[in-house]
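Reading through the structure tokens given below for one structure.
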Amino acid sequence: MMDAGRHPLIKLMSYSEIEDVNGYVGNFKVTVRKKARYVDETVCNSCGECEKVCPAIHPDEFQMGLATRKAVHLPFPQAVPSAYLINMENCLGTNPIACGKCAEVCEKNAINYDMQDEIVVLDIGAIVVATGIDVYDPTQQDEYGYTRFQNVITSMEFERLICAGGPTVGHLVRPGDHTTPLRIGFIQCVGSRSLRDGAGFCSNICCMNTVKDTLLIRDHYPDAECSVFYIDIRAFGKGFEDLYDKSREAGVKYIRGIPGEITEDPATGNLRMVVENTTTRSIEEHEFDMIVLSVGVRPRADGGDIRRHLTLSQTSDGFLMEAHPKLKPVDAPTRGVYIAGCAEAPKDVKESVTQASAAAARAGVLLNAGKVTVEAITCTIDNDLCHGCGACEKVCPYGAITVDKGAKTAAVVEAACAGCGTCGSACRFDAITMRHFTDAQIVAQVDALLAERQSGKVIVFACNWCSYAGGDTAGTSRMLYPASNRLIRTMCSGRISEEFVLRAFRKGAPIVLVSGCHFADCHYIDANRQTVKRVYRLWKQLEKLGIRTERLQLEWISAAEGPKFQKTMREMEELRAQVTQEEIDHTVKVLTEQFEKRRLKKVRS
Amino acid sequence: MEKMWVFKCQRCGCDYQEVYDPKAALRERSCPQCRSNSVRPLHDVDSTKRQAKG
Ligand SMILES: [Zn+2]
């Protein structure tokens, strides 16, 4: 951090927030709100005289509320820049100035109560998102009595207590009576791997953090006994198993079982618990001086803002989604944006540093090249046909299209367009052409597949990344599926327009399946949400026309779901067999009439 | 606004109820009986009740 602060080519903007991001790869305009510190950071020499005289005392967030700070304070000892700031919510008041003591003692005249937030607009080529995580608050798990019992603390609070820079200068004391605890229990997976607590995922870092904590305790306090209650210990990294072995050799007891409840002896402040040891299959009672809840992590509560600004997508857990889990693990789906650290998923320091280095290198490669090569599948807009309705702009997941409603034109930034084709499907005026996935090309495939023996075929629209790849997985795994299923590949299911589906039915298809990526896997941020909306509209339309809605099917199949692909194809064949020739003939007739009507209307207008 | 809606599975034909808001962000849905994603929101439960009363 200090190296970054000193580096001549790194501009560090602490205590700042992103207000807005516009533009595209290589040409981002980032609006930053530099919050007022009320202390001139270029002048402050962090002598600390202001803090000494400040009368406003508040819990210190950095010390997890275990110590206090003043309204004017240094956020944490190694903060960069090493300059004080005033938290105005805590200050006694500046309008009119109620106290002013800090300004009086500041020899450098660094205090400025009139300082205002500053809005800075930066020209940025590439962006790395490393916004980190939140820590789970175990208060809601009332059975553990956190905040009810003083001697139940979280692993984060333990970290401050054992730290030399912490409120007790590294002396481990329990909060209840400030005595050194000699029987310490650790409960693992608090707020992790539990859907009841809103997180089915493993927080990744807690097991090894506890192993490290137990070793520290045994090292500093040889008389202290440690017991760890766990579901399973996940010691998967380099050297982790050795550390776990060392902890056990040091006498730390590892008990496989998670207690249901903690109770407190009000006289002593000691804590009791009953636990089922699933290794020995016995019920055990334990008493501790202090219990540490090994709390899990959560995606940042305010992560939605940065996601919106950068058009990023998230996994079902709420962490940021990478462009490809194996081949582009640090690239965000938006070109020119990279992800590092726990914003992507819970991970330890080493993994975070690895990912951050990779992200920086990726950004470096992009900036050094000075130009980007885009795949030749982006969209083009014919402004002679465009009505400036804005439908394309609304559905583009990348914000790559801008519409000029006055001039009735639209323009696409090709560097930002990823080629999902959602805009092409949304355009009612045929003004958008998707290169290599043009309407004419897709329609030709539909027509060719339904040129003969229509009643024996199922038209399957499959997206390139997931459902089509799921078909590949089924194929390479030798999973047989009925040959009646005929696939048409598009880059994204968002490309599948209502016209394509209706055309398939008009040409005699008994069943049409629209398939794409699972919501969390969409390779075009959230383009497949448009697919759902379209299918909903199509079901309504079919119903109105007296066509059985069951003949249009929707399925999300991932690249790994070969068996699901096979099962779905078999189900499609079953559905196909139920469609009679009369039904197909009726559909063809109804849709042909509708098509002719629309065509004539178009010609007349 | 989120309301309880009647969904119809287009694969197995079963009806079931689930919270849904046509104006909110969509989420992935599947039929509780056959796991198919071909599930169609028909109408909110209240409107069914109103229809039944009317
Ligand atoms: Zn079903």
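The values are calculated or read from the model by the stated rules, or taken from the named source; none is laboratory data. As the structure is a prediction and not an experimental result, all values here were calculated from the model. Glycine also receives a Cβ, built like all others from the backbone with ideal geometry; neighbour counts cover every protein chain displayed. The area values use the complete protein model at the heavy-atom level, side chains included, leaving out ligands, DNA and RNA. Shrake-Rupley method; radii C 1.70, N 1.55, O 1.52, S 1.80 Å.
The condition (being modelled with pLDDT under 95 and assigned by TED's automatic domain parsing to the domain that holds A:Pro181) is satisfied by just one residue among A:Lys238, A:Lys246, A:Lys253: A:Lys238. Residue check: is A:Glu89 charged (D, E, K, R) and under 30 Å from A:Asp137 (Cβ atoms)? The answer is yes for A:Glu89.
With respect to A:Val21, is the statement that it is farther than 21 Å from A:Gln116 by Cα, open to solvent by less than 40 Å² (accessible area, probe 1.4 Å) and not assigned by TED's automatic domain parsing to the domain that holds A:Gln150 true? Break it down into steps so the answer makes sense when it comes.
Details: farther than 21 Å from A:Gln116 by Cα: yes; open to solvent by less than 40 Å² (accessible area, probe 1.4 Å): yes; not assigned by TED's automatic domain parsing to the domain that holds A:Gln150: yes.
Against the criterion (farther than 21 Å from A:Gln116 by Cα, open to solvent by less than 40 Å² (accessible area, probe 1.4 Å) and not assigned by TED's automatic domain parsing to the domain that holds A:Gln150), A:Val21 qualifies.
Residue check: A:Lys564 meets all listed conditions (1) closer than 30 Å to B:Arg35 by Cα; (2) more than 14 Å from chain B (Cβ to nearest Cβ) but one, namely (2). Residues that are within 16 Å of the ligand (Cβ to nearest atom) and either among the acidic types (Asp, Glu) or in contact (Cβ under 8 Å) with a residue 60 or more places away in the chain (or both) were ranked within region B:1-50; the one that is least open to solvent (accessible area, probe 1.4 Å) is B:Glu18. Within region A:241-271, the set of residues being assigned to a strand (DSSP E or B), open to solvent by 20 Å² or more (accessible area, probe 1.4 Å) and closer than 14 Å to A:Glu284 by Cβ comprises A:Lys253, A:Tyr254, A:Arg256.
Listed here are the residues, each with its yes/no results for (1) at pLDDT below 95; (2) in contact with a Gly (Cβ under 7 Å, 6 or more places away or on another chain); (3) in a strand (DSSP E or B); (4) within 14 Å of chain B (Cβ to nearest Cβ).
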{"site": "A:Val512", "(1), (2), (3), (4)": "no, no, yes, yes"}
{"site": "A:Val532", "(1), (2), (3), (4)": "no, no, no, yes"}
{"site": "A:Tyr536", "(1), (2), (3), (4)": "no, no, no, yes"}
{"site": "A:Glu550", "(1), (2), (3), (4)": "no, no, no, yes"}
{"site": "A:His586", "(1), (2), (3), (4)": "no, no, no, no"}
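Answer yes or no as to whether A:Leu591 is over 17 Å from A:Val514 (Cα atoms) and in contact with a Phe, Trp or Tyr (Cβ under 9 Å, 6 or more places away or on another chain).
Details: over 17 Å from A:Val514 (Cα atoms): yes; in contact with a Phe, Trp or Tyr (Cβ under 9 Å, 6 or more places away or on another chain): yes.
In short, yes.
Annotation note: Cβ proximity below 7 Å between a residue of region A:576-605 that is not assigned by TED's automatic domain parsing to the domain that holds A:Ile511 and a residue that is open to solvent by less than 80 Å² (accessible area, probe 1.4 Å) and at pLDDT below 95 (sequence gap 6+ or interchain) occurs for no pair.
Checking region A:119-129 against the condition returns a match, with at least one residue being in contact with a Ser or Thr (Cβ under 7 Å, 6 or more places away or on another chain) and assigned to a strand (DSSP E or B). Of all residue pairs spaced 6 or more apart or on separate chains, those with beta-carbon atoms under 6 Å, a first member in region A:496-512 that is on the phi > 0 side of the Ramachandran plot and a second member that is of a type outside the set (D, E, K, R) are A:Gly508/A:Leu450; A:Gly508/A:Gln454; A:Gly508/A:Ile584; A:Gly508/A:Val588.
Filtered by the rule that a residue be of a type in the set (A, V, I, L, M) and in contact with a Cys (Cβ under 9 Å, 6 or more places away or on another chain), region B:8-43 gives a lone residue, B:Val39. Just so you know, in region A:538-548 the residues that are open to solvent by 40 Å² or more (accessible area, probe 1.4 Å), within 12 Å of another protein chain (Cβ to nearest Cβ) and in a helix (DSSP H, G or I) include one that is farthest from A:Arg489 (Cα to Cα), and it is A:Glu543. Residues considered: A:Gln530, A:Gln553. Of these, the only one that is buried (at least 21 other Cβ atoms within 10 Å of the Cβ), out of contact with any Lys or Arg (no Cβ under 9 Å at 6 or more places or on another chain) and in contact (Cβ under 8 Å) with a residue 40 or more places away in the chain is A:Gln530.
Among the residues of region A:390-407, is any in contact with a helix residue (DSSP H, G or I) (Cβ under 9 Å, 6 or more places away or on another chain), basic (Lys, Arg) and surrounded by fewer than 19 Cβ atoms within 10 Å (Cβ to Cβ)? Looking through region A:390-407, at least one residue is in contact with a helix residue (DSSP H, G or I) (Cβ under 9 Å, 6 or more places away or on another chain), basic (Lys, Arg) and surrounded by fewer than 19 Cβ atoms within 10 Å (Cβ to Cβ). Taken residue by residue, region A:315-327 has no member that is within 11 Å of the chain's Cα centre (by Cα), assigned to a helix (DSSP H, G or I) and buried (at least 20 other Cβ atoms within 10 Å of the Cβ). Within the set A:Glu104, A:Glu143, the sole residue that is modelled with pLDDT under 95 and either in a strand (DSSP E or B) or touching a helix residue (DSSP H, G or I) at 6+ places or on another chain (Cβ under 9 Å) (or both) turns out to be A:Glu104. Taking the numbered list (1) touching a helix residue (DSSP H, G or I) at 6+ places or on another chain (Cβ under 6 Å); (2) β-branched (Val, Ile, Thr); (3) open to solvent by 40 Å² or more (accessible area, probe 1.4 Å) in turn, A:Ile432 passes all entries but (3). Listed conditions (1) touching a strand residue (DSSP E or B) at 6+ places or on another chain (Cβ under 7 Å); (2) within 25 Å of A:Val21 (Cβ to Cβ); (3) in contact (Cβ under 8 Å) with a residue 40 or more places away in the chain; (4) outside any helix (DSSP H, G or I) are all met by A:Cys423, apart from (4). The residue of region A:285-314 that is least open to solvent (accessible area, probe 1.4 Å), among those that are of a type in the set (S, T, N, Q) and outside any loop (DSSP other than H, G, I, E, B), is A:Ser294.
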